[in-house]
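Worksheet for the structure shown next.
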Amino acid sequence: MKRYIYIFLSFVVLLSSCINEPPTQPDTYKGNFESLWKIIDEEYCYLDYKNINWDSIHTAYKTQVDTVTDQYRFFDMMAGMLGELKDGHVNLYSNFDKSRYWKWFTDYPANFNSSLVFSERYLGDDYRIAGGFRYKKIANDSIGYMYYGDFSNQFSDTNISLIMKSFSGCKGLIIDVRDNGGGYLDLSEQLASYFFTEEKITGYMSYKTGVGHSDFSKPIEVKTPAHKTVKWQRPVVVLTNRMSYSATNSFVCRMKQAPKATIVGDKTGGGGGLPLSSELPNGWLVRFSAEPMFDADMNQTEWGIDPDVKVDMNATDEKNGYDTIIEKAITILKE
Amino acid sequence: MFKKKPIITNRSQSESFCYFCVCKFMIEFIRMKKNIILILVLLTAVFVSAQNNTEEKYLLTTKVTTFGLSVPSITDPYLSPLVYSGVGLCYNTDNRRYFKPDNTNYSMQSKFSLSTGMLLNPALSSEMLYFGANYGWGANYHFRLKNKLRILAGGLWDVDFGFKNVPRNVNNPVNLDMATNLNLTGLLMYDLNMRRNTLHFQVAMQTPILGYMFVPPGGASYYDMFELGNTANAFHFSSLHNKLGLNQTYSVDVPFKQSIWRFGLHFQSLKYKANDLVFMHNETSLIVGTTFDAISFGGKKRKAPLNFISTND
């Protein structure tokens, strides 16, 4: 009996060696630096796509670690390293600051002026609000206009159904998602579903399966279903600018495949990588793109989606109280 | 010619006297010993009743309910590579009874536990809310080594669910534990007679052997898995090669006036690996509860005897 017990215990000890915990870094400047570098090296999804030599970045920034004297400078140094990724989905969170990369929209024309949108010509003061949408009939009540500024604002089928009902006499619909920085992906799917007549593959996603920069799963189909009861079957124009980012980018990617939809405005800001988070030994949080999203033709969407009709805001129009992009959309819908 | 047998119509005097004496003795005896006979009849009834009780056995269920204060530490690399630790509460119920009244070698066991905890990372910059539930059913064989020492050995199938929430994680704030396991169980019981009471000491062990578990791939989001239906690499066969755990409970049952209280320590140690992620859950709990034997009646087959009174009656 004892013999069998010894054999069993040896077996268990042997097997326990199969579950080795990964080595952890100490909570020092160097340890935190190495930890952050490794997280990005193994889990960030665009190193190859963006042609970033992450090893050379390690070399360049490692020398700075020894010169850091306080946590604020250390944070700035780490934020600078993350800035090399040029990704709006990459952030470093500490108790005193949040790093960010904003050049994906600050380097481009704004193409959005909220005071114009809320002027009497468009929404004015007497617009309605439902489920995060601000909406009103414009252009002599011939066009329905909805502004949606945040994909974190929940809405229901009933909201949309009643909004569409109020636009029942309109020739077309404008959905303005300019300056919409994103939110929930399932809301982008829900909003797009009202404009599809049948389920369609509108993109793909994949995720990292290993620590190599190109270790990805097979692309997973992203489908946009046609909503069963709520449908808009007349033309629709989606207005975009560079601040149409993340979940909004995903919405635009879906709407590119909608049968009667036209994308008008500027290229979207991108943000095609679905982000995940991790932590450093000192408790700082790092957020990074982990799952690349592709359009229906397997093109990356990280750098944005081109509109069908490229329109920039005209300074003269703006002075005269016209939103060039909305005016273009009205023209398209009236044709 | 046929002769009729003469019919005796009158007994002789001596015969009549004898008959009279016996009858008189009987009547006197009955009169005088009425109390003795009554006692004998009663004793016979009690004896018969006692015989019936020993023949008809009832299965008692040993029920244990405990509450505990725990100190958990959790490593969930899907949420964070750091070890989160904190305090928690736990609740456990354990029911055990023999399968059949006439076989005291095999018993069945069912367990249910709930636990919850609030944990922090080492830098105290992020918190994790944990909730866990577990249900298990198993069977044991009873080895009686000595009069007061018993060992129970067997297996237990359980279903495990856990919910971990790190609110600071923007896009992956939640991870779920879902697993089913076949466990080896062992129980050592010893009764120690004191002056007035008998203390019941117990050591319980449980370790998972085989199972199936949900572990998300490190780079995949719940949007992938539950919205797009991509569950590839999310469900894994588990055995000793990728899942090791040991649950230990050391307890003593102390009788008080009309109840038996259980005091104990519970140690949980669990480590498993899938998708190159190593998860750990260690927990130490101080438990207090009660234990009692109960019999339940209900349904069509197990109706309560008439001398049992229910509030439903």
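The values are calculated or read from the model by the stated rules, or taken from the named source; none is laboratory data. Because the structure is predicted, anything quoted here is derived from the model rather than measured. Cβ atoms come from the backbone with ideal geometry, glycine included; neighbour counts cover every protein chain shown.
Assorted remarks:
- Residue list for segment B:83-125, filter: under 28 Å from B:ALA220 (Cα atoms) and in contact with a Pro (Cβ under 6 Å, 6 or more places away or on another chain): B:GLY117
- The set of residues in segment A:290-310 that are more than 10 Å from chain B (Cβ to nearest Cβ), crowded, with 21+ Cβ neighbours inside 10 Å and either closer than 19 Å to A:ARG100 by Cα or without any contact (Cβ under 8 Å) to a residue 60 or more places away in the chain (or both) comprises A:GLU302, A:GLY304.
- In segment A:252-286, residue nearest to the chain's Cα centre (by Cα) [restricted to those that are more than 7 Å from chain B (Cβ to nearest Cβ) and without any contact (Cβ under 8 Å) to a residue 40 or more places away in the chain]: A:GLY272
- Condition check for B:LEU156 on (1) over 21 Å from B:ILE287 (Cβ atoms); (2) in a strand (DSSP E or B); (3) not basic (Lys, Arg): one failure, at (1).
- Every residue from segment A:135-160 that is small (Gly, Ala, Ser) and either surrounded by fewer than 17 Cβ atoms within 10 Å (Cβ to Cβ) or more than 23 Å from A:THR262 (Cβ to Cβ) (or both): A:SER142, A:SER152, A:SER156
- Checking each residue in segment A:36-63 for being hydroxyl-bearing (Ser, Thr, Tyr), more than 22 Å from the chain's Cα centre (by Cα) and surrounded by 16 or more Cβ atoms within 10 Å (Cβ to Cβ) picks out only A:TYR61.
- Qualifying residue in segment B:160-169 (condition: part of a strand (DSSP E or B), closer than 28 Å to A:LEU276 by Cα and of a type in the set (S, T, N, Q)): yes
- Just one residue in the set B:HIS281, B:HIS200 is away from chain A (no Cβ under 12 Å), buried (at least 18 other Cβ atoms within 10 Å of the Cβ) and under 21 Å from the mean Cα position of the chain (by Cα); that residue is B:HIS200.
- Annotation for segment B:120-130: at least one member residue is hydroxyl-bearing (Ser, Thr, Tyr), surrounded by 16 or more Cβ atoms within 10 Å (Cβ to Cβ) and in a strand (DSSP E or B).
- In this structure, B:LEU265 does not qualify as of a type in the set (A, V, I, L, M), assigned to a strand (DSSP E or B), within 28 Å of B:PRO208 (Cα to Cα) and within 14 Å of chain A (Cβ to nearest Cβ).
- Which listed residue is within 11 Å of chain B (Cβ to nearest Cβ), buried (at least 24 other Cβ atoms within 10 Å of the Cβ) and out of contact with any Asp or Glu (no Cβ under 6 Å at 6 or more places or on another chain), from A:SER246, A:SER217: A:SER246
- Within segment A:117-153, the residues that satisfy the criterion of being at pLDDT below 95 and within 21 Å of A:PHE251 (Cβ to Cβ) are A:GLY131, A:GLY132.
- Residue, surrounded by the fewest Cβ atoms within 10 Å (Cβ to Cβ), within segment A:84-107, restricted to residues that are of a type in the set (D, E, K, R) and part of a loop (DSSP other than H, G, I, E, B): A:ASP107
- Hey, B:LYS301 exposed (fewer than 14 other Cβ atoms within 10 Å of the Cβ), closer than 22 Å to B:ASP191 by Cα and modelled with pLDDT under 95 or not: no
- Leading residue by the ranking (nearest to the other protein chains (Cβ to nearest Cβ)) among those in segment B:203-251 that are assigned to a strand (DSSP E or B) and among the aliphatic types (A, V, I, L, M): B:LEU244
- Residue tally, condition surrounded by 16 or more Cβ atoms within 10 Å (Cβ to Cβ) and either more than 23 Å from A:GLU291 (Cβ to Cβ) or not small (Gly, Ala, Ser) (or both), over segment B:223-238: 8
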